[in-house]
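Okay, structure first, notes after.
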Amino acid sequence: MSVTTPRGFRAAGVAAGLKASGGSDVALVVNDGPDAGVAAVFTSNRIKAAPVLWTQRVVRGGVVRAVVLNSGGANACTGPAGFQDTHATAEHTAAALTSVSPRLILGAGEVAVCSTGLIGERLPMPKLLPGVRSAIRGLSRDGGTAAAEAIMTTDTRSKTTVARGSGWTVGGMAKGAGMLAPGMATMLCVLTTDAVAGPATLDEVLRAATRVSFDRVDSDGCMSTNDTVLLLASGASGIEPTPAELAAAVTAACHDLAQQLVADAEGATKQIAIDVVGAADEDDAVEVGRTVARNNLVKTALFGNDPNWGRILAAVGTTAAAFEPDGVDVAVNRVWVCRGGGAAEDRSKVDLTGRDVTIRIDLHAGTSAATIWTNDLSHAYVHENSAYST
């Protein structure tokens, strides 16, 4: 259940001293080939961290043989010096890997870099670079679990997944627990596959998968500077699935990881699915779902086990989606508390004592639908984020 489940991949996770806790904080994933195709999607935040800017350039080359990731520091808003730190990390990783694996000769332009943690501070390179060397020494086919643990920040548990094809496999790991909003959530994600697939196919498949998974996670409406999702293909299975087959497996892996992100959202006591149906088009359905997901009055009501459908309806009314105000229905955990824009079943019938909550909104304006995943807003979330940097 990790990035090393597909053939052709090794990984490691080590403690380099970047985290004050002393926990593991440097991860490395290596693609031993024979292929080294790559695709990626990144944050749409205009302020992008140095590793995002670097990895965007690397991915344009279509080949990635190694990904080095660190927690304990985002290397964002650190200027030219921070970008040079990222470049130096890639150069160091390439040289060190080449020195111990002559068959794996690579340059800095084949090394993706990802960072996560506090914004605005440079990384301690005298700790990071020895950490990379330690990770290289620890590379193994069983290292996926350790790598997933090393990229955690406020996560309470690591997040890994596997989706199997016919003779080939997709594996993955992700981190993220706060600032989860498109695109694509405060998250790092590395997906691997031993299927045979070129960069163009990987790009098509990954974008289709993230559109209906990570891009529909909206925990707190906050967008990060470091979001990166990478898909690496080793071709080690020797099997070339159809684009549709590969897309189905990658989408399944992304969906599983997205659900794990929401389940581990900072301070969350509820895991909420907002199903919008009867929309004029998919964009309308997504807009309505996202607006409700970001509404603090809705989120706090659910934290308090209060099925206050009026807050949901009011949020729907702020969107530009096509619908008639007196034609909207709302159900909370399968109880239709609102019909035709007004009160329906008794809200006391709604049971919100469990963790899972489903809100269904029928706009009666068409045949399109979409689901947005979010969580409640709790005291613990405020506490977690009130003193993050101090």
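The values are calculated or read from the model by the stated rules, or taken from the named source; none is laboratory data. What you see is a predicted model, and the numbers here were worked out from it, not measured in a lab. Cβ sites come from the backbone with ideal geometry, for glycine too, and all protein chains shown count toward neighbours. Calculation scope for accessible area: heavy atoms of the full protein, side chains included, ligands and nucleic acids excluded. Shrake-Rupley method; radii C 1.70, N 1.55, O 1.52, S 1.80 Å.
Tabulated data
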quantity	calculated
Partners for LYS48 among aspartates and glutamates (Cα-Cα distance below 13 Å; same-chain residues under 8 apart left out)	ASP227
Surface share of carbon and sulfur [accessible, 1.4 angstrom probe, percent] for the stretch 1-88	54 percent
Principal-axis tilt of helix 282-293 within the chain, Cα atoms, nearest 10 degrees	80 degrees
For GLU245, solvent-accessible area (1.4 Å; no DNA, RNA or ligand), Å²	100 Å²
5 Å-binned pair-distance histogram of the stretch 197-296 (Cα, whole percent)	2, 11, 19, 21, 18, 14, 9, 5, 2, 0
Rounded to the nearest 20 debye, dipole of the chain from Cβ charges on Lys, Arg, Asp, Glu	1180 debye
Too-long pairs where the Cα-Cα distance tops 22 Å, listed order kept, from LYS159/LYS299; LYS175/LYS270; LYS127/LYS159	LYS159/LYS299; LYS127/LYS159
In nm, spacing of pseudo-spin labels at LEU297 and ALA380 (7 Å Cα→C-beta vector)	2.7 nm
Computed FRET value (nearest 0.05) for GLN56 with GLU121, which takes r as the C-beta separation and R₀ as 22 Å	0.50
Point-to-point label distance, GLU324-ARG141, nm (Cα→Cβ direction, 7 Å offset)	6.4 nm
Under 11 Å, Cβ to Cβ, from ILE239 - net charge with Lys/Arg +1 and Asp/Glu -1	-2
Principal axes of the stretch 224-377: Cα extent on each, largest first, Å	59, 35, 30
Pairs of Cα atoms farther than 31 Å apart, the chain, %	38 percent
The stretch 224-317 - accessible surface per residue (Å², probe 1.4 Å)	31 Å²
Helix axis angle, 50-60 relative to the chain longest principal axis, alpha carbon, degrees	80 degrees
Percentage relative contact order, the stretch 1-77, counting C-alpha pairs under 8 Å, at least six apart	32 percent
Ellipticity estimate at 222 nm from DSSP helix runs (n ≥ 4, -39,500 (n - 2.57)) divided over the chain, nearest 500	-10000 deg cm²/dmol
Convex hull projection area averaged over all views, the stretch 1-156, Cα basis, nm²	8.7 nm²
Order of exposure, largest accessible area first, which applies to ASP85, ASP281 with probe 1.4 Å	ASP281, ASP85
Accessible-area value, CYS222, 1.4 Å probe, nucleic acids and ligands omitted, Å²	50 Å²
Spin-label model distance (nm) - HIS364 vs ARG157, 7 Å beyond Cα toward Cβ	4.1 nm
FRET E, pair GLU91, ARG46, Förster distance 25 Å, beta-carbon r, rounded to 0.05	0.35
Additional length obtainable on full extension of the chain from ASP306 to MET1, 0.36 nm per residue less Cα span	106.1 nm
Antiparallel %, DSSP beta bridges [both residues in the chain], to 5	70 percent
For the stretch 277-353 versus the stretch 58-131, the gap between their alpha-carbon centres in whole angstrom	45 Å
